[in-house]
Amino acid sequence: MAAKKSAKSESTLVIVESPAKAKTIEKYLGKGFTVKASMGHLIDLPKSRMAIQIENNFEPEYITVRGRAKLLKDLQKDAKKSDHVLLASDPDREGEAIAWHLNNALKEKTDADIKRVVFNEITPNAIKEAVKNPREIDENLVNAQKARRVLDRLVGYNLSPLLWEKVKNGLSAGRVQSVALRLICEREKEVEDFIPEEYWTLEADFQKGKTMFTAQLVRYKNQKPELKNEETVNKIISEILNSECKVIDKKETDKTIRPKAPYTTSKLQQDAANRLGFTSKKTMQVAQQLYEGVQIGNSRVGLITYMRTDSVRIAKSALDDVRSWISKNYPNQLPPESITYAVGKSAQDAHECIRPTYIDYTPDSIKEYLTRDQYRLYAIIWERFFSSQMNNAKTRTTSVEIQAGDAVFRASASKLVEKGFYSVMKVLSAKEELSGNLPSLAVGEVLSNAHKFYPEQHFTQGPARYTDASIVKMLEEKGIGRPSTYAPIISVLLDRYYVTRNNKQLMPTVLGKMISKILVETFPEVINEHFTADIENKLDEVEQNKIVWNNMIGDFYGDFKKRIDEVESTTESIKGFLDEKTNLTCEKCGKPMLKKLGRFGYFLACSGFPECHNTKSIPLAKCPVTGCNGDIVERKSKGRGKSFFGCTNYPKCSFITHFKPIDSNCPKCGWFLVEKFDKKNGNYKSCINPDCDYLHSAENNDKNEDFGTD
């Protein structure tokens, strides 16, 4: 190697993961530094084989990722020309593993000093501080990533071929995703089994002066009313119609509302789903952009701290800054001391919470530089962080009870009496805390008769299907996965078509249900939340150097492989078992059509395959249009490819619906039933006929009815 250059002309190569981050950091470091991107993993396990040396302590066989050899070679050339190399991949297990692989690959080509640097935020101070304090690669972090990778490879590359052999080619199974799929399938079973029951509510309008307000029936003849049908409600109305209305009780209740802790990855994904309608994947993509850097005027700025974290810890410097900002802008809402939040028991606490990096960059001050999605996500991160260090809010609820004959109605109104942390809330403001408007009323005051009654029919709602927000919450509560894996878990299930997203709800397909059932029945000790959570804890112990990664894998693999061999030798193949003969004939060759289960659900295929390749959509119902003998099948619109259901006789018959038919006809009119969803009724079955009022309920339950969820 050439002799080292003088200290004044020394050059440093910094390697990060993404080009966006490279662009931001290069502006901060200036002369003498070259910043390049590795584009993620350059060295990894091959996709075509297991590549785990089971007999050699489960050592993985790494290769240069296909298509990345030139990039690796270019980085080696850059390293050869440099005096120092700083590996600045993301500050987590995956980032540490990328740095470890790069370190090994670069050492072969250069004698430059190679070190690791990490930063929780991409700001000039954080970057320069990290560069001043490089460290060695953390082998424990690398071993934790290696253990996860090896374990997932052993499970996936054993379960998937078993599914190919016994069920169907092209299927796949994973350790964590299969548990998430099980949760979604179990919830779907609860939804399917639920029978809605009818109930009614009764509200009435009362008036004092010019103010009209509405109250709800809460007691009848000194008991909680059971309004099971319209007849009961009408009877109560007729009895109290002309009764004197008198205020019999009035209460005022104050409620203290504490601010919430700043965001962790899980809570950010949940709020972004509930408030902004983002999927978990989209949340992480937008957060990555904010973290890596956005052009603000003439400067490129990393706006938030690292977005994969399970900690609510706040750095002291950030606490000082936020308290200083609050003291200037909302001095009355600054608590005497900073507020600390408890870190969860299972949290790794490797990073801070997700927070803004610059105190003065309020959402509105930089709105013009952000995309709509960036602005909205940044706004909730900013609001959550700043509000976490402000005073409590207080609401006052006034509740009055009005007696009319044997009936008692209650009306309530809430107002904010101390704004507290709500002072900085816009996107995250809790409108549910404030409601109604009541005139000034006193106990004993007599009102005029009730002006109008509002009887309303309802149906009890069953358990809600999981959404991105609720499945992430459940995974976090059960200790399944980690901040970096929540979004990929959902994406994999959707990509494999084991799950679909409908009205933001996650619904298992027929294929997903079948795979889950087989895996749970044959590998109950692996496809369960307790095993998966236990593995996460053991990976944490590897990271903490409490256990050796190879031993952890060895403890698991012996029994697992024994069970694989057992299932392989004793379980009968059900390949083709799901193929059903139909009475339909192929219009191309005259052979019978078979009902088959494919990657995207059921379809019809000619039994003469491979000589005849004829396939078509499966009929879901008979067309209800008088005189049309067509079938209703699933179709996709052009452009975004959204599904709808139309007649096979199109364009002669133009019947379409956006609701999927289920395998049942309406007992009232004979048209087919569909599954519908709305916030008021949840999931329910209804007749597609606009002139029919049939709604599936407990009184008319048909045990053979089933939701169409494939």
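For the residues Ser484, Ser491, Ser435, Ser470, the requirement of being surrounded by fewer than 20 Cβ atoms within 10 Å (Cβ to Cβ) and closer than 30 Å to Asp249 by Cα singles out Ser435.
Given the criterion part of a loop (DSSP other than H, G, I, E, B), under 27 Å from the mean Cα position of the chain (by Cα) and in contact (Cβ under 8 Å) with a residue 12 or more places away in the chain, identify the matching residue among Ala180, Ala147, Ala173, Ala97.
Only one candidate qualifies: Ala173.
Summed over region 192-204, the residues that are assigned to a helix (DSSP H, G or I) and crowded, with 20+ Cβ neighbours inside 10 Å give a count of 0. Which one is nearest to Ser448 (Cα to Cα), of the residues in region 402-413 that are open to solvent by 20 Å² or more (accessible area, probe 1.4 Å) and of a type outside the set (S, T, N, Q)? Here the residue is Gly405. Screening region 144-163 for residues that are open to solvent by 30 Å² or more (accessible area, probe 1.4 Å) and in contact with a Lys or Arg (Cβ under 9 Å, 6 or more places away or on another chain) and picking the one that is nearest to Leu493 (Cα to Cα) gives Asp152.
One line per residue, one yes/no per condition, for (1) crowded, with 17+ Cβ neighbours inside 10 Å; (2) modelled with pLDDT of 95 or more; (3) part of a loop (DSSP other than H, G, I, E, B):
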| residue | (1), (2), (3) |
| --- | --- |
| Lys4 | no, no, yes |
| Ile15 | yes, yes, no |
| Lys21 | yes, no, no |
| Thr24 | yes, no, no |
| Lys27 | no, no, no |
| Lys70 | no, yes, no |
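If you go through region 106-125 and keep only what is more than 22 Å from Glu10 (Cα to Cα) and either at pLDDT 95 or above or not acidic (Asp, Glu) (or both), you end up with Phe119, Asn120, Ile122, Thr123. Looking only at region 115-141, residues that are closer than 25 Å to Lys77 by Cβ and open to solvent by less than 20 Å² (accessible area, probe 1.4 Å) come to 4 in all.
Within region 218-240, the set of residues being exposed (fewer than 11 other Cβ atoms within 10 Å of the Cβ) and of a type outside the set (D, E, K, R) comprises Asn222, Gln223, Ser238.
Just checking, which of Thr264, Thr256, Thr201 is within 25 Å of the chain's Cα centre (by Cα) and not hydrophobic (A, V, I, L, M, F, W, C)? Reasoning before the result, please.
Working: Thr256 fails: within 25 Å of the chain's Cα centre (by Cα); Thr201 fails: within 25 Å of the chain's Cα centre (by Cα).
Just one listed residue meets the conditions, Thr264.
Can you pull out every residue in region 355-370 that is in a loop (DSSP other than H, G, I, E, B), open to solvent by 30 Å² or more (accessible area, probe 1.4 Å) and without any contact (Cβ under 8 Å) to a residue 60 or more places away in the chain? Outline the logic, then answer.
Of the residues in region 355-370, the ones in a loop (DSSP other than H, G, I, E, B) are 355, 357-363, 370.
Restricting the remaining residues to those that are open to solvent by 30 Å² or more (accessible area, probe 1.4 Å) gives 358, 360-362.
Matches in region 355-370: Asp360, Thr362.
For the structure I just gave you, tell me whether Ala273 is farther than 26 Å from Asn391 by Cα, surrounded by 14 or more Cβ atoms within 10 Å (Cβ to Cβ) and of a type in the set (Gly, Ala, Ser). So Ala273 fits the description; yes. Against the criterion of being more than 32 Å from the chain's Cα centre (by Cα) and modelled with pLDDT of 95 or more, Leu75 qualifies. For region 504-526, the criterion of a residue being charged (D, E, K, R), touching a helix residue (DSSP H, G or I) at 6+ places or on another chain (Cβ under 9 Å) and crowded, with 21+ Cβ neighbours inside 10 Å is satisfied by no position.
Quick check on Asp205: is it of a type in the set (Asp, Glu), on the phi < 0 side of the Ramachandran plot and out of contact with any Phe, Trp or Tyr (no Cβ under 9 Å at 6 or more places or on another chain)?
Judged against the criteria, Asp205 is not a match.
Residue selection: Gln461 fails the criterion of being assigned to a loop (DSSP other than H, G, I, E, B), out of contact with any strand residue (DSSP E or B) (no Cβ under 8 Å at 6 or more places or on another chain) and in contact (Cβ under 8 Å) with a residue 12 or more places away in the chain.
The values are calculated or read from the model by the stated rules, or taken from the named source; none is laboratory data. These numbers were taken from a predicted model, which means no experiment stands behind them. Methodologically, a virtual Cβ is constructed for each residue, glycine included, from the backbone with ideal geometry; neighbour enumeration extends over all protein chains shown. All accessible areas refer to the heavy atoms of the entire protein, side chains included, with ligands and DNA or RNA removed. Shrake-Rupley method; radii C 1.70, N 1.55, O 1.52, S 1.80 Å.
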